[in-house]
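Take a look at the structure below.
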Amino acid sequence: AGTRISKSICRCIGVDNWKECIGEPKSLIDGETEGGGECVGKKHIKAVYLKSKVREEVWDSYFKFAFVRNPWDRAISVYLQSIKSSNTLISTIWPKSSYLFNLLLVLKYEVMGVRSIQQADYICNENGDLIVDFVGKFESLRRDFLRVCDRLGVECCLGGKYDATRSRNYRDWYKDRSKSIIDRVKSKDIEMFSYKF
């Protein structure tokens, strides 16, 4: 959905090469990564980093917005996108497998102890204060995108389907253990954006 939003706004304001403008895919391939493996570049950049690169009056003069997604739903989307773009043996043996998804969550967060970067980390400062002007939700994407367009003074249309990775409800993918893993590792997002399983 983030790419669709960026693409729609770029086209609305007359940017022909929207892929270059939003940094896809080259900046994602060439971008640096942080400790959790999250990409740094034009597309996935933390607001606090961007704020440090511009003068205060420039930062204050822009309308800054972000969109977030239910953490349990987002974890499934990330998993399915990884499987879709993977050419590994695992993706051939267990494509779109809820068993594999649950196993990978346990391995990643309980066995390997990976620190999870949360959505809030991208739009808050070091003190945990929100530093963007508006946070929309994937679950109310059309309505919230209209609010963004209204604020920007443009008329854009998102069109189409926003997540083509699955048809099943995200709740069906989880076991009690994997649900509680997301409860724990995404607790900041769950609390800040009032998400429930």
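The values are calculated or read from the model by the stated rules, or taken from the named source; none is laboratory data. All of these numbers come straight from a predicted model, not from anything done at the bench. A quick note on method: Cβ atoms are made from the backbone with ideal geometry, for glycine too, and the neighbour counts reach across all protein chains shown. Accessible surface is based on the protein model in full, side chains and every heavy atom, while ligands, DNA and RNA are left aside. Shrake-Rupley method; radii C 1.70, N 1.55, O 1.52, S 1.80 Å.
Name the residues in segment 116-144 that are buried (at least 17 other Cβ atoms within 10 Å of the Cβ), among the aromatic types (Phe, Trp, Tyr) and touching a Phe, Trp or Tyr at 6+ places or on another chain (Cβ under 8 Å), would you? Residue satisfying the conditions is PHE138 alone. Output yes when any residue across segment 69-80 is among the basic types (Lys, Arg) and either within 25 Å of SER140 (Cβ to Cβ) or at pLDDT 80 or above (or both), and no when none is. Yes, segment 69-80 has at least one match. Restricting attention to segment 2-40, the residues being surrounded by fewer than 16 Cβ atoms within 10 Å (Cβ to Cβ), small (Gly, Ala, Ser), touching a Lys or Arg at 6+ places or on another chain (Cβ under 9 Å) and at pLDDT 70 or above number 1. Anything in segment 41-83 that is more than 30 Å from SER178 (Cα to Cα), open to solvent by less than 50 Å² (accessible area, probe 1.4 Å) and touching a residue at least 40 places away in the same chain (Cβ under 8 Å)? List them, or say none. Passing the criteria: VAL48, PHE63, LYS64. With the requirement that a residue be open to solvent by less than 20 Å² (accessible area, probe 1.4 Å) and either under 30 Å from SER61 (Cα atoms) or under 19 Å from the mean Cα position of the chain (by Cα) (or both), what does segment 92-115 give you? Residues satisfying the conditions are PHE101, LEU105. Note on segment 173-193: residues that are more than 16 Å from the chain's Cα centre (by Cα) and either open to solvent by 100 Å² or more (accessible area, probe 1.4 Å) or at pLDDT 95 or above (or both) amount to 11. When TYR170 is tested against (1) at pLDDT below 95; (2) more than 18 Å from the chain's Cα centre (by Cα), exactly one condition is not met: (2). Looking at (1) at pLDDT 95 or above; (2) surrounded by 13 or more Cβ atoms within 10 Å (Cβ to Cβ), which is the one condition that is false for LYS196? Of the numbered conditions (1) at pLDDT 95 or above; (2) surrounded by 13 or more Cβ atoms within 10 Å (Cβ to Cβ), the odd one out for LYS196 is (2).
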